Amino acid sequence: MAKPFTSSIRLLASDIDGTLLNPQFQISSDDLAALRRAHAAGIEIVLVTGRRHTFALPIAQQLGFDLWLISSNGAVTRSLTGETFHRDLMPRQTCRDLCRAMHDFRGHTVLTFDKETKGAIVLEHLDDLNASIRRWLEKNVAYIEFVVPIENSLVSDPVQTMFCGSMARMNEALRALEDSGIDNRVTILRTEYPERDLSMIDVLNTGCSKGHALERWTAHRGFRRDQVMAIGDNHNDVEMLEFAGHPVIMGNACEELRGRGWSVTLGNDRCGVAAAVAEVVDS
């Protein structure tokens, strides 16, 4: 269990998938009640996710109070009402160079743009995407546009480039990214679900991450690091957890997050968010 905290928490940042959502992709009633108690106690809640803003909205709206969303792994910070605080987009020329360097993974490439119309998600075809990603794409069908070659969609700067597929194939993609020489111009973040044989590599503008976005928002709100609690479970949460004065990892967290001395709460199948929140609200 997470150890008790001595400092006053003013801002609680929670990941969504694998953290706030249980294995059935729902917010458990105990987790929902805990976040509402925290909000009522004056703690600001911010959801920090790899999802696009629009895809995260239905989750955030279930909480029942106003809050801000840090989406696309830190690229966009926006309120539930659509007010934008910050965007960190990838220069389209960098994206063109990336697509060229990753030509062998073209069938695994997805571009996202900060708009809520068809073309917000762009890919060439579905043939190489596995079942888990295809389900995600089916839920986002209204926003998907097929463009061949994918570079033709780059009439504006994208939010990010995503490569997704099986664990083995994405390990190959990571090696290709390292060999491409473009890694010094971008941020490369991983999200992995081994039990689903699903790996996603998000490539964003250099210096863009959940941690950078949370640090920016914390400064804007006038809080200190030691007043920030962050809860996460996956590789793409590392920077956020490193920034927070009180990092908490889920009981189902990936191995990379373990062994760093961070507090461990229960798994997402046992309301780990509620258990972590109880340490700062109910103690």
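The values are calculated or read from the model by the stated rules, or taken from the named source; none is laboratory data. Predicted model only: the values in this text are computed from it and were never measured. All Cβ positions, glycine included, derive from the backbone under ideal geometry; neighbour counts span all protein chains shown. These accessible areas exclude ligands, DNA and RNA; they are computed on the full protein's heavy atoms, side chains included. Shrake-Rupley method; radii C 1.70, N 1.55, O 1.52, S 1.80 Å.
General remarks:
- Rounded if a/c under 1.5, otherwise prolate or oblate - the range 9-83, Cα gyration tensor axes: oblate
- Extreme residue, positive dipole direction of the chain, given options H39, I121, N73 (C-beta unit charges): H39
- Accessible area in square angstrom per residue, the range 88-200, 1.4 angstrom probe: 47
- Take K210: with every protein chain present and a 1.4 Å probe, its accessible area is about 0 Å².
- Grouping the Cα pair distances of the range 73-129 into 10 Å bins from zero gives a pair-distance distribution of 19, 44, 28, 9 percent in increasing distance order.
- Dimensions in Å of the range 161-255 - Rg and Dmax from alpha carbons: 14.8, 43
- The angle between the Cα long axis of helix 272-281 and the main principal axis of the chain comes to about 40°, on a 0 to 90 degree scale.
- If you plug the beta carbon distance of H103 and N130 into 1/(1 + (r/R0)^6) with R0 = 22 Å, you get a FRET efficiency near 0.65.
- Calculated FRET efficiency for the pair A41/S180, C-beta based, R₀ 41 Å, to 0.05: 0.30
- The Rg/Rh ratio of the range 60-156, with both radii computed over alpha carbons and Rh defined as the Kirkwood radius, is 1.00.
- Relative contact order %, the chain, counting alpha carbon pairs below 8 Å whose residues are six or more apart: 24
- Per-atom-type breakdown for the range 128-283 gives carbon and sulfur 46% of the accessible area (1.4 Å probe, protein chains only).
- Dimensions of the chain based on its C-alpha atoms, expressed as ranges along the principal axes with the largest first, amount to 56, 36, 33 Å.
- Ranking of S156, S263 by solvent-accessible surface, largest first: S156, S263 (1.4 Å probe, protein heavy atoms only, all chains present).
- Within straight-line reach of K115, meaning a Cα separation under 20 Å, sit the following aspartates and glutamates at least 8 residues removed in sequence or on another chain: E83, D88, E124, E138, E145, E151, D157, D202.
- Rough spin-label spacing in nm, given labels placed 7 Å along Cα→Cβ, for R221 and E116: 2.3
- Averaging Cα coordinates gives a centre for the range 86-113 and one for the range 168-195; these two points are 13 Å apart.
- Percentage, to the nearest whole number, of Cα pairs in the range 98-203 over 17 Å apart: 50
- Estimated purely from DSSP H runs of n ≥ 4, each contributing -39500 (n - 2.57), the mean residue ellipticity at 222 nm for the chain is -8500 deg cm²/dmol once divided by its residues.
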